[in-house]
1. For the structure I just gave you, tell me whether A:Ile376 is within 14 Å of chain B (Cβ to nearest Cβ), part of a helix (DSSP H, G or I) and over 22 Å from the mean Cα position of the chain (by Cα).
2. Any idea how many residues of region A:143-178 are within 22 Å of the chain's Cα centre (by Cα) and surrounded by fewer than 18 Cβ atoms within 10 Å (Cβ to Cβ)?
3. If you check A:Ala286 against the conditions, is it at pLDDT below 95, within 14 Å of another protein chain (Cβ to nearest Cβ) and out of contact with any His (no Cβ under 9 Å at 6 or more places or on another chain)?
4. Residues in region A:220-227: is at least one more than 11 Å from A:Pro38 (Cα to Cα) and assigned to a helix (DSSP H, G or I)?
5. Which condition breaks for A:Leu133 when tested against (1) touching a helix residue (DSSP H, G or I) at 6+ places or on another chain (Cβ under 9 Å); (2) within 14 Å of chain B (Cβ to nearest Cβ)?
6. For region A:207-222, which residues satisfy the criterion of being in contact (Cβ under 8 Å) with a residue 24 or more places away in the chain and under 18 Å from the mean Cα position of the chain (by Cα)?
7. Given the conditions (1) over 19 Å from A:Ala145 (Cβ atoms); (2) within 20 Å of the chain's Cα centre (by Cα); (3) in a loop (DSSP other than H, G, I, E, B), which single one is not true for A:Pro290?
8. Out of all the residues in region B:120-139, which are in contact (Cβ under 8 Å) with a residue 24 or more places away in the chain and within 14 Å of chain A (Cβ to nearest Cβ)?
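The values are calculated or read from the model by the stated rules, or taken from the named source; none is laboratory data. Computed from a prediction, not measured in an experiment: that's the story for all the values here. With ideal geometry, Cβ positions are generated from the backbone for all residues, glycine too; neighbour counts draw on all protein chains shown.
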Amino acid sequence: MSFPWAKPYEPTHPLMKWMDEKLPIPRLVYNATGPGYPVPRNLNYFWNFGVLAGAALMIQIITGIVLAMHYAANASVAFNSVEHIMRDVNAGWFIRYAHMNGASMFFIVVYLHIFRGLYYGSYKAPREMVWLLGVVIFLLMMATAFMGYVLPWGQMSFWGAQVITGFFSAIPIVGEPVREWLLGGFVPDNATLNRFFSLHYLLPFVILGVIILHIWALHIPGSSNPTGIEVKDEQDTVPFHPYYTAKDGFGVGIFLLIFVALTFFSPNTLGHADNYIPANSLSTPAHIVPEWYFLPFYAILKAFTFNFLWIDAKLWGVIAMFASIALLFFLPWLDSSPIKSSNYRPLYRIFFWILVVDVLLLGWCGMQPAEQPWVILSQLGAIYYFAHFLVILPIVSRIERPLPMPNSITEAVLAKHATDTSSASATA
Amino acid sequence: MASESELNAGIEDGVRRRDFINIAAVSFAGVGAVAVVLPLLNQMNPSADVLALSTTEIDISAIQPGQAIKTSWRKQPVFVRNLVAKEIAEAKAVPLGDLRDPETIDQRTKPGKENWLITLGVCTHLGCVPLGAAEGENKGDFGGYFCPCHGSHYDTAARIRKGPAPKNLVVPPYEFNSDTVVTIG
């Protein structure tokens, strides 16, 4: 679906006409990312991050397929095969470092994409399905990243697998059998490594499939925009190509600059030195932490140090950690304000930024040992995280008085343009 | 084309022959699909070689009172600790009501061998190997074991006392073959 003024696809070349009758892929592309897809004219650079996430996924798939040509998923040789990639395979060090840091870059852009959605109310009607599919993609990414981290079979790989599969043992009665089923043994071992490799190869393609659904669901109402006002007529939009292909292309350029800077100059900064020690099932590293992108959730897990009601601390931690993500599925219905953009929500905007700080605080706490003051800070951070979604958001969306809004995207753009020129002439 | 009356021929209780065949066929296919899923799920369970409960024999004669060793059984770490009288007394002095997972030291050791504390070295929280078995390692606030991952403290009977772990360190099945040799498994 698209707006009535969308430019229709009219192939002129006989070959393209022939193709259009047999398999209209050029038509699909034209209407999805070409001149046939009108997009709000006022998108800012925060709207780049969807395309950047797609680019990051493609980088991961390409580098990953190449790495799989050299990697051996067997507990006795996995570690050495990664070292073989690093030392012996031609350009292997580059491809592995790109894959390693590509995962971090993928999460960075996805987190910015998520917070863009939170700030501009992108999860609200009519785009709830886009948001829900996004949360599914996020969960799949976490599973994929976790299993990928196990593959080098270093100390962090092994103990990460031990701890994360340990979450399932918190489930009453069936927990321990479920964990053994996941691991294929009593501790992470060859069976675990093999299945993780198999799934780590599979899941990116599942993610790709869900991304197609995510974009499909997005293209039904069309993109949101920084004002949160829906498109009213043709003057509110510009064709995706060339306007946003160019803008996204610029963003991809910046993204790649940061990515290669990280890969070439600081490839191990976001990793852990302990993962260059081969896995040892008899010795846990002194301080185990997950990859940075899991830290806020890890802090929530660690925040529960006491039994509460009839549920023990371990199960609480696991429940809270999963709930902190599952909560996002309910977000479109927890925030009942009809105003999408925080630009017109003075109260919500404050709490949005507090949430950002809270998540960063949780991330910091997740990195620290299980000692005071980090435990109490994690507890406060976790309480605030849940309070934001379950208490603050429903109340704020009821009591808040939004700022006056323009009537249309065009009016907002022209008003901004007018102030820009008048202030420019005033200073001149 | 069969007429309406032909299609409905033989209907007495309002059930058509074709409806029955339809439901039966789809049900049968459904059962078949479920039956195929079972082996696909079951293949992920521990395989026969992993399950083959290996037994481990340990010579404990070299472990001095107050010392502990770390060995392994079924690829999991095992702690064997020779408790001193003071540690046993400490463990006995704790009221059972104060424990998260109430067990006495007698329940966790063999009769007459209560100085030999044999447990898995797997934190019951999320499975890290606690510290405290080797010389000079942090034994936690209660003089037993300390798990650095998430801060669980175990006492001199390896019972959980503080931190997120829900259970005491697991005592594996074992027998004394003689005074100095133990078989685990």
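1. Numbers: within 14 Å of chain B (Cβ to nearest Cβ): yes; part of a helix (DSSP H, G or I): yes; over 22 Å from the mean Cα position of the chain (by Cα): yes.
Considered against the rule, which asks whether it is within 14 Å of chain B (Cβ to nearest Cβ), part of a helix (DSSP H, G or I) and over 22 Å from the mean Cα position of the chain (by Cα), A:Ile376 comes out as yes.
2. Of the residues in region A:143-178, 1 are within 22 Å of the chain's Cα centre (by Cα) and surrounded by fewer than 18 Cβ atoms within 10 Å (Cβ to Cβ).
3. Working: at pLDDT below 95: yes; within 14 Å of another protein chain (Cβ to nearest Cβ): yes; out of contact with any His (no Cβ under 9 Å at 6 or more places or on another chain): yes.
For A:Ala286, the condition - at pLDDT below 95, within 14 Å of another protein chain (Cβ to nearest Cβ) and out of contact with any His (no Cβ under 9 Å at 6 or more places or on another chain) - is met.
4. No; the residues of region A:220-227 include none that is more than 11 Å from A:Pro38 (Cα to Cα) and assigned to a helix (DSSP H, G or I).
5. So the condition that A:Leu133 fails would be (2).
6. Going through region A:207-222, the residues in contact (Cβ under 8 Å) with a residue 24 or more places away in the chain turn out to be A:207-208, A:210-211, A:213-215, A:217-222.
Correct list: A:Ile207, A:Leu208, A:Val210, A:Ile211, A:Leu213, A:His214, A:Ile215, A:Ala217, A:Leu218.
7. Every listed condition holds for A:Pro290 apart from (1).
8. Applying the first criterion (in contact (Cβ under 8 Å) with a residue 24 or more places away in the chain) to region B:120-139 yields B:120-126, B:129-130, B:132-135.
Those that are in contact (Cβ under 8 Å) with a residue 24 or more places away in the chain and within 14 Å of chain A (Cβ to nearest Cβ): B:Leu120, B:Gly121, B:Val122, B:Cys123, B:Thr124, B:His125, B:Leu126, B:Val129, B:Pro130, B:Gly132, B:Ala133, B:Ala134.
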